[in-house]
């Protein structure tokens, strides 16, 4: 069964190679980067007829190992490079920023990493303890598996199990609608969505973290702490069509795609 | 000959259509079971009730998979909604059938029909911006079992009212005329004649409403708070089985994904149970009617 599939695949590959000069680029790795990469790939294919880009997910570690082993031409990694990974070439395609949000009427001036950590562990349970109004805090948290949740937990060094929230939300929109109009609530959503909604007059405020204002600009400049890099990696200096794809993926031509996924383009 | 072959073609076509309908159900149920199998094998059915909490992971031994809080949330929300919407829907049907002038009854039917056509996400949004803030004034945080019960009740009232009315309309005219001729009051006719005669239809109305409540996802997801815990009061946030699937499916992998299909199996079993209850009521009445008749 498996052998027959392999033979069929081989025959197809030979046919594909022999018939046209169609090139296939294999991209694997982080499920956070994958939806963005798939959109970028679609546009790249439109501009380069005959080129096929195959995007597969499997986590950042698969992105690293597939690129190293040559199983993929390009790996996707949703974090900064580690010291042990300097053998690979790294290219940043976007940043993923997460902003803490409160209702527009909440007067809390800003929060530190330690304060947020203690709020989500319920060691701080009233806004007055952090310079806000005298109201109990309502914790809005994200459902499991969301990339914003991963960024949040990692930065604040929290375990999902130690958080007992008052409300669990799914997507960013639901998070914003739940916090807006509730002066007790604190939540966190993708910074791109938060800034857009606040600009449209939705009753939310982006809370400065460790003295840095939360905005698409500060995330793009790499100043905002609650963010991570979205990278693609190759094992060697990219050549030919792969190099073109990588250049395309970090160019201004895909900024609208980056923003559509609520990520922040790199400046 | 020609006539026969036309009949024959129609029969063939109807058989095909009927088997496609049946096959869809079997395919869906089979697919859900197949996807759930991995988790039932790796995690084992016991842990879905015995684990300390719901903290799923893609590897079975790294996660916790207790579904009981979500099962209880679904049961409480459905029960609450049925307790509110059942009497309300049946009352509306009785009013249309026995008291309202023809044009009022017609208007009432139209309005209820319209209510049943509103998409659930609209109810959910309304719940989130109107109902939840009202509940927040009483008992923060606002998103709660109570909000879910109220939204579900509003959503299933049309189902209950429409089916209850058609079953009341099916009560034989002779019963009502006979009762009237005996000089029984209108209240007496309603409670002693019409309701007992339409009993099985009224129960079906309530049970179908309950079925809709069990399956409702979008509105519930928006107003219930989705915290995995057995609710201690109606003001506590809860996560239903359907909300669990909708919240986590997009990002789940491995045993986590499969565990969500187990959630789906639990829902399927609940709905099959309800249908079985309805069917048993239906046969019971058929027997009753045949002995009377």
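Any read-out appearing in this document is the output of simple, stated calculations on the displayed coordinates, not a laboratory observation. Computed from a prediction, not measured in an experiment: that's the story for all the values here. All Cβ positions, glycine included, derive from the backbone under ideal geometry; neighbour counts span all protein chains shown.
Quick notes on this one:
- The protein assembly as shown: Rg to Rh, with Rh as the Kirkwood radius over Cα pairs: 1.06
- Prolate/oblate/rounded label for the range B:10-162 (Cα gyration tensor, a/c 1.5): oblate
- Solvent-free Debye scattering, log10 I(q)/I(0), computed from the Cα coordinates of chain B at q = 0.07 Å⁻¹: -0.37
- At R0 = 35 Å, FRET efficiency that the Cβ-Cβ distance of residue B:68 and residue A:157 yields, to 0.05: 0.70
- Note on A:264, B:187, B:68, A:233: ascending count of other Cβ atoms within 10 Å places them as B:187, B:68, A:233, A:264, the fewest first.
- Where labels lie 7 Å past Cα in the beta-carbon direction, separation of residue A:71 and residue B:91 in nm: 6.4
- Sequence-separation-based contact order of chain B, relative, with Cα cut under 8 Å and 6+ spacing, percent: 27
- Between the range B:15-89 and the range B:135-191, the Cα center-to-center distance that results, in Å: 29
- Note: the range B:69-240, Cα convex hull, 116 Å³ per residue.
- When A:213, A:157 are arranged by Cβ crowding within 10 Å, least crowded first, meaning fewest neighbours, the order is A:157, A:213.
- Once you reduce the range A:114-143 and the range A:154-169 to the center of their Cα atoms, the two points are 12 Å from each other.
- Label-to-label distance, nm, for residues given as residue B:170 and residue B:269 (7 Å Cα→Cβ offset): 3.1
- Using only alpha-carbon positions in chain A, the gyration tensor eigenvalues give semi-axes of 41, 18, 16 Å once each is multiplied by 5 and square-rooted (largest first).
- Per-pair calculated FRET efficiency, R0 = 35 Å: residue A:86 and residue B:122 via Cβ, rounded to 0.05: 0.05
- Extension gain (nm, one decimal) between residue A:47 and residue A:237, 0.36 nm per residue minus Cα-Cα: 66.1 nm
- Exposure proxy order (Cβ contacts within 10 Å, fewest to most) of B:190, A:40, B:214: B:190, B:214, A:40
- The range A:81-108 and the range A:196-267 have Cα centres spaced 8 Å apart.
- On Cα atoms only, tilt of B:102-117 relative to the major axis of chain B in degrees: 20
- Measuring nothing but alpha carbons in the range A:107-186 and taking Rh as the Kirkwood radius, the Rg to Rh ratio lands at 0.94.
- Measuring nothing but how far apart in sequence close Cα pairs (under 8 Å, 6+ apart) lie, relative to its length, the range A:113-267 scores a relative contact order of 19 percent.
- Principal semi-axes in Å for the range A:25-111 [√(5λ), Cα gyration tensor, largest first]: 32, 19, 10
- Cβ-Cβ FRET estimate between residue B:46 and residue A:134, R0 fixed at 51 Å, reported to 0.05: 0.60
- Distance between modelled label sites at residue B:27 and residue B:138, nm, 7 Å Cα→Cβ extension: 4.6
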